[in-house]
Structure formats: C-alpha cells, structure tokens
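Laboratory data are not the source of any read-out in this text; all were calculated from the coordinates shown. Note that the structure is a prediction, hence the values are computed from the model and not measured. Cβ: placed from backbone, ideal geometry, glycine included. Neighbour counts: every protein chain shown.
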Ligand code: XMP
C-alpha cells in the first residue's frame, strides 16, 4: 500500500470511498479498547463520530435526542417555522431520563370526549389538567383511566371527574428518580406531576416510562448535564431571528447550511453569530477544496462540513457540474484544517460502516449521515409498504418536494423565478431503530480500525499523516470482488 498523500496527490483523478481500500496491519489490542471519541467542532466532544443530517426526513427532536443519548449528535433541520425549530431544540434540551418534559395536557374546559380523542390519536390514557391546557400552566388536577372509564356521559367536564390538585401527590424538579420510584410505589400512583413553587406544572414522571429508563453511558452532554443538540440555519436576514430563538432554547452548535458554503453570505452569517452568540460553535460548509476551507477558517469557523454532491439524494454534480469525489475532498480538506485544529465532518455518501472507517482514516473527525438513518424509527414520517418492502420517505433538501415546503435557500433558488432542484426524493428501507443501528456501526468501526492497527480516532489521524496508514486504489473489478458476488440471491448485507 501507499501513504494517503501518494494516493491523493499522485494525479488528476479524484477518488471516492469505494475506490480505495485500507491495508490491514498488526493487531495488538482487543476490539473493545478502540476509542472512538472525537470532536464535531472546536469545543464539542463526542464519544462516537456519528451525526445526523439537518434534513426534514432525518432529524427532528426524536432523532436528535436518540443520537445524543447514543453518544453522537443530531442537527435539527430548518425547513420549518422558527417556532417549530426552536420547539424541537427545546424537546432535546428538556430531556431528563424518566421525566416527560412536555407531557400532553388538557385545559379545564375539556370534556371526556377530548380524553377519548387524545387516547385514540396518541394512546395516552391519563393527563395533567392545567389552567392553560399545556405544561407551564397551574396544575389543576390529573385524570387517569380509573377516574373516567366507567362514566357513560362523555360530554361531562373533565374538572368534575379528575382528581383535583389538592388530593394529588406532587414533587419538585430536584427530585431524584430513585425517590420518585419510592413515592409512586408507596402511594400506588402511576403518574407523579412535578411542579414549581407556584404550583405550575414542570414535567411528569410516569411509572411505566420509569421502568424503561436506561442509563446511556456514552451520551453527549454539556457542562450542565443537558443533552447536546445542533441546528441548521441559512444565511437570510430572517435566519438571524431564527438564531435568537434557537439560542434561547439552548442550542449548542450551528451548522450554516449551504450546498456551496464558500460565500460572502456565509462569512457574514458566521461573523454575525460570533459577534452575537460567542458561546456557540459554528460549523461552516459545505465545501470540498482547501481554498474554500482556508477562507472559512480565516473567517473563524469552528468546524467544517465536507461534501458536495456525494449524498445519496444529491444531483448537484449532475445539475451544476461542481463538486468533488468524497474521499479526495475529505483527505485534502482534513489535512489542511488539522493545522488549525478545526475538525472535519465528512458529510454524505456514507452507505456502510466501511465508508465511515475510510472517512476517519482519511482525516475526518466524524461523519454526517442522511440515508443511513432515514429508515429508522427515530426519523420523521411513517413507514409504509412499497412493493412488499417496508420503507420510509427520504428526500434531498434541494429536491423540488422539499423546496415546495420552503428549503429553497440552501440551493439558491429563492431569488430566481425558475427553481433548479439539486436533489431527488425517494424511499429507504426500514433500518429498525438507532438504538441498535448506532451500536452496530460503533462495533463495525472499531473492528475496521483494529484491523488497520489503530486504537483510536486520534491515533488514526497521527498514523495517517505519518504515512503509516497505507491505502491502495481498487480497479472496477477489485471493487466487484470486494462486494458480494456470484450469488443468485442473498440476505444480510447491511449486517443488522
Ligand atoms: P447521504 O448520502 O447520507 O447524504 O444520504 C446526506 C447529505 O446530503 C446533502 N444533501 C443534499 N445534497 N442535494 C444535494 O446535492 C440535495 O437535495 C441534498 N439534500 C441533502 C447534505 O449535505 C446531507 O447531509
């Protein structure tokens, strides 16, 4: 094999992940000892190098929450109103294992018909009743199945049936989960409302959820022990208001989202964020060349997102004839950014764990994934069947479908009368849940690094620049040989 420098600087060709292969080396440590901790940006450390893309079929609260619990991080998309995006950030920030941060509530005007409707829609059978009908209002009472099940008249006001606040057992938010368990057990209660000094509802503890609450040793948390979450914004004037709302909800990192990030618009936005919210880490992109990286690093970015046209749903390279093969882009930008201590996110084009291993051994600090995660339970949208296969919708943010909903700025279609889509929409197969997918990817990446004789991401980068990691370019036939072949049919390629 050859040092990466030889492979990537040898000629006029650019390579992508599948073009290259990593040479194995001596193994002198167990797979479990491979350390995947890394950075997503200058000041944000992660235990695992996995990020979810800010796309409206990939990352909303549930994905961002799940990614942070598992040890990665999610970036919430901005193809929505400011309020919606801020609310989604808030959902992640308010998470406390075992606590329902934003319990579904009803107001004092509600009837038992409303209770039935919510049960049919959401499957909840007991809720707090508050003065405002939402969390934050004064707690008036609690209604559970036991209170209303046998009542024939469903038009009856909820306040006549509920257990009123004076008869409820409540607790304050300093309560530990262990104590909550005790209180609920000794009082035979399934739900314990948490209130502030003024008796406003703060959250709810449910016994059935508490039983399921697990510990997440790798989770991504800030100094205040809150889960970390990122968000994407654009470069328009209205994105400045958006930022304020996201900041108020406690967002940790911002991605300035553009398919071509080396622009005056992006640098102005970066300057604005750094001036106004100096505590936020700002990730700029997308870029694929050293020249682009230099301008954004000089402008003060904290991280770089690399990839142009490599995404599974991208048509940028075909429509605009610009972009770069992803392995080459990741190698060159990472090598340059390393001198300034700026981490690189390899974004797009990851369709198996091997691609993640290649991105990391070529200098990336983490990978950002869209299609890999879009088929999980945590991604927005419902599963459905297409030709007998269980699938979910997945679409490029530059597809005409997504642009109809508003994501025009990423692909600069906002000022023109004619929209030029740079992405497609389609479906991806059911991948289960990230609760199993992320551990599977983690273990696969550990195995790959172990095979290459590398015990951590940090060491992978050291060995990369020392020329100790060796690579070769694969011919088309070699690539076919390296994949599944000669079978009439097979199962289990993705390994989970
Ligand atoms: P994967 O391969 O993980 O790629 O599905 C996700 C990344 O693709 C980018 N993206 C797009 N690129 N047109 C593009 O050219 C699009 O419509 C589009 N939507 C998303 C984005 O960087 C994402 O993280």
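A few remarks follow.
- Angle between the chain longest axis and helix 434-451 axis [Cα atoms, degrees, rounded to 10]: 30 degrees
- The angle separating the long axis of helix 112-122 from the principal Cα axis of greatest extent in the chain is about 20 degrees.
- Rh (Kirkwood; distinct C-alpha pairs) - the stretch 146-294, Å: 20.0 Å
- For 401, 318, order by how many other beta-carbon atoms lie within 10 Å, fewest first: 318, 401
- Point-to-point label distance, residue 37-residue 440, nm (Cα→Cβ direction, 7 Å offset): 2.8 nm
- Relative to its residue count, the chain spans a Cα convex hull of 181 Å³ per residue.
- Each residue in 27, 256 was given a count of other beta-carbon atoms within 10 angstrom of its own, and listing them fewest first yields 27, 256.
- Sorted fewest first by neighbouring Cβ atoms within 10 angstrom, 378, 244 come out as 244, 378.
- Separation of the stretch 346-407 from the stretch 51-70 is 11 Å, based on Cα centroids.
- In degrees, nearest ten, helix 326-338 long axis to first principal axis of the chain (Cα): 80 degrees
- For the stretch 418-496, alpha-carbon Rg over 2.2 N^0.38 Å: 1.56
- Prolate/oblate/rounded label for the stretch 297-438 (Cα gyration tensor, a/c 1.5): oblate
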